[in-house]
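Note sheet for the following structure.
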Amino acid sequence: SKVINVVGAGLAGSEAAFQIAERGLQVHLYEMRPIKQTPAHHTDKFAELVCSNSLRANSLTNAVGVLKEEMRQLNSVIIRSADDCAVPAGGALAVDRHEFAAHVTDRVKNHPNVTVFHEEITEIPEGITVIATGPLTSEALSKQLQELTGEDYLYFYDAAAPIIEKDSINMDIVYLKSRYDKGEAAYLNCPMTEEEFERFYEALISAEVVPLKEFEKEIFFEGCMPIEVMANRGKKTMLFGPMKPVGLEDPRTGKRPFAVVQLRQDDAAGTLYNIVGFQTHLKWGAQKEVIQLIPGLENAEIVRYGVMHRNTFINSPKVLKATYQFKERPTLFFAGQMTGVEGYVESAASGLIAGINATRIAQGKNPVEFPRETAMGSMAQYITTTNAKNFQPMNANFGLFPDLPVRIKAKKERYEQHANRALQTIRNFVKSL
Ligand code: FAD
């Protein structure tokens, strides 16, 4: 029967290989470790967790909890192995990382339909192929990918500003306006008085940052400065930079604020906004404290924290379909962090979809898009339809889900409704497969 190639046995590749093998097709799985290590992996095991041992929230009032539950319905090897190796972690699904990787390795490597090759892939294979080589894709393959996608559509660093759920922005304070009213009013503006600016500024320059890994130090030469580094150069740098208030008079008072923080729409649906110019390396807890000092963002729901780290990813809105197929070569799939999904669980989920679709085309069936009402489908939609110009990787979150038929103000109830609809939808969808 037909053989499907999977490159990379991380979170996404292991899941893709398992899904294909379980559907009765042969998989050739290529993993370069331990022959060649990445700067963050240390073992020869599949699905090695390179940092935290947590797969984040398990509860259904959290989008990543819903995502896990959807994956359970689809016999995910990553989630099953995580459930088997769980350690106590409150509402989160955390695992014994060694046991977890051993479980995944055993279930994938010893699957009768999987053949493993420990080698570095330097050319994109012919035939039906899933590329899941992760944020630290080897250099030789990165070069090939750059040729495939075009130089402008493969990135090596992720320097992203925090992203906020629109529903959590206080519109009594924030106003819609473009600088000098040029073009359509496109930005949400958070006005600051001098006192508010001082308080914010002090918090920003004293907030705790994440130490850069040795292999990440070169990021700063790429010309994108974290907001805290800019702040350390002085208040003026901020006031003449991203917090410049000129042309942004508050339409309600006609007055120019002392400083302004601008938010830009982040997704096609307009449910998410990013903070303009606020790429940051602050620790997540510190980010939340600093952001919530911005007037109008007191209760901001941060769906994705700012990061600055090494990350290889393609411009999915340009080159990928929601089936995880490469637009220009439908037999080629991408999965994992490479596609611009962010996180262990999200990576595995994209591998699950790519695996199902690679199988389907091998069987002569049409590939499927997952319904938008599901966590899995909403991620696929986001990464393939959001604005290609400012594309940044994204975690699962309820802001990506389509609106509910009726608007619900209470957050917990809204999330519950999203979760119910998602799980109902995925059950029907699984039956239809
Ligand atoms: P990986 O799990 O990295 O798998 C890719 C695999 O491909 C690796 O096994 C690699 O050896 C192999 N490979 C690479 N190139 C080749 C090649 N040419 N030929 C053959 N094999 C190849 N996410 C979280 O949710 N929590 C965290 O705490 C977290 N911490 C992170 C820390 C760092 C330093 C980095 C870089 C990322 C982190 N992430 C974290 C983000 C991301 O979720 C993980 O990196 C996740 O492992 C991505 O899954 P993946 O399958 O896409 O890639």
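Selection of the stretch 1-30 for residues being away from the ligand (no atom under 13 Å from the Cβ) and either surrounded by fewer than 24 Cβ atoms within 10 Å (Cβ to Cβ) or assigned to a helix (DSSP H, G or I) (or both) yields 1, 2, 3, 19, 20, 21, 22, 23, 24, 25, 26. The single condition among (1) of a type in the set (Val, Ile, Thr); (2) within 9 Å of the ligand (Cβ to nearest atom); (3) over 22 Å from the mean Cα position of the chain (by Cα) that residue 50 does not meet is (3).
Just one residue in the set 101, 40, 86 is out of contact with any Ser or Thr (no Cβ under 7 Å at 6 or more places or on another chain) and within 13 Å of the ligand (Cβ to nearest atom); that residue is 40.
Might you let me know whether the stretch 369-376 holds any residue that is acidic (Asp, Glu), assigned to a loop (DSSP other than H, G, I, E, B) and within 24 Å of residue 27 (Cβ to Cβ)? There is at least one residue in the stretch 369-376 that is acidic (Asp, Glu), assigned to a loop (DSSP other than H, G, I, E, B) and within 24 Å of residue 27 (Cβ to Cβ). Scan the stretch 335-349 residue by residue and report those that are within 10 Å of the ligand (Cβ to nearest atom), out of contact with any Phe, Trp or Tyr (no Cβ under 6 Å at 6 or more places or on another chain) and either assigned to a helix (DSSP H, G or I) or not small (Gly, Ala, Ser) (or both). Scanning the stretch 335-349 gives 337, 339, 341, 342, 344, 345, 346, 347, 348.
Condition check: within 23 Å of residue 93 (Cβ to Cβ), away from the ligand (no atom under 14 Å from the Cβ), out of contact with any Asp or Glu (no Cβ under 7 Å at 6 or more places or on another chain) and of a type in the set (A, V, I, L, M, F, W, C). Does residue 302 satisfy that?
Judged against the criteria, residue 302 is a match.
Within the stretch 360-367, is even one residue within 13 Å of the ligand (Cβ to nearest atom) and more than 23 Å from residue 398 (Cα to Cα)? No, that holds for no residue. Restricting attention to the stretch 222-234, the residues that are under 20 Å from residue 309 (Cα atoms), surrounded by fewer than 16 Cβ atoms within 10 Å (Cβ to Cβ) and at pLDDT 90 or above add up to 0. If you go through the stretch 113-154 and keep only what is without any contact (Cβ under 8 Å) to a residue 60 or more places away in the chain and either within 21 Å of the chain's Cα centre (by Cα) or farther than 26 Å from residue 388 by Cβ (or both), you end up with 122, 123, 126, 140, 146. Looking at the stretch 33-56, can you tell me whether even one residue there is buried (at least 17 other Cβ atoms within 10 Å of the Cβ), of a type outside the set (D, E, K, R), out of contact with any Pro (no Cβ under 6 Å at 6 or more places or on another chain) and assigned to a helix (DSSP H, G or I)? No, that holds for no residue.
Put simply, of 129, 137, 237, 133 the only residue that is at pLDDT 90 or above, over 24 Å from residue 270 (Cα atoms), surrounded by 13 or more Cβ atoms within 10 Å (Cβ to Cβ) and in contact with a Gly (Cβ under 6 Å, 6 or more places away or on another chain) is 133. Annotation note: Cβ proximity below 7 Å between a residue of the stretch 74-98 that is without any contact (Cβ under 8 Å) to a residue 12 or more places away in the chain and a residue that is part of a loop (DSSP other than H, G, I, E, B) (sequence gap 6+ or interchain) occurs for no pair.
Given the criteria in contact with a strand residue (DSSP E or B) (Cβ under 8 Å, 6 or more places away or on another chain), over 30 Å from residue 403 (Cα atoms) and either acidic (Asp, Glu) or more than 16 Å from the ligand (Cβ to nearest atom) (or both), does residue 153 qualify? Break it down stepwise before answering.
On the way: in contact with a strand residue (DSSP E or B) (Cβ under 8 Å, 6 or more places away or on another chain): yes; over 30 Å from residue 403 (Cα atoms): yes; either acidic (Asp, Glu) or more than 16 Å from the ligand (Cβ to nearest atom) (or both): yes.
Yes, satisfied.
For the stretch 287-323, a residue qualifies if it is closer than 13 Å to residue 380 by Cα and either part of a strand (DSSP E or B) or free of Cβ contacts under 8 Å to residues at least 60 places away in the same chain (or both), and the qualifying residues are 320, 323. Comparison of 165, 202, 214, 195 shows that the only residue that is surrounded by fewer than 16 Cβ atoms within 10 Å (Cβ to Cβ) and within 24 Å of the chain's Cα centre (by Cα) is 214.
Looking at the stretch 125-140 only, could you name the residues that are of a type outside the set (S, T, N, Q) and in contact with a Lys or Arg (Cβ under 9 Å, 6 or more places away or on another chain)?
Taking the stretch 125-140 as the starting set, the residues that turn out to be of a type outside the set (S, T, N, Q) are 125-128, 130-132, 134-136, 139-140.
127, 128, 135, 136, listed by residue number.
Looking at the structure I just gave you, is residue 61 within 13 Å of the ligand (Cβ to nearest atom) and hydroxyl-bearing (Ser, Thr, Tyr)? It is false that residue 61 is within 13 Å of the ligand (Cβ to nearest atom) and hydroxyl-bearing (Ser, Thr, Tyr).
The values are calculated or read from the model by the stated rules, or taken from the named source; none is laboratory data. This structure is a prediction, so every number in the text was calculated from the model and none was measured. Heads up, the Cβs are rebuilt from the backbone with ideal geometry, glycines too, and the neighbour counts pull from every protein chain shown.
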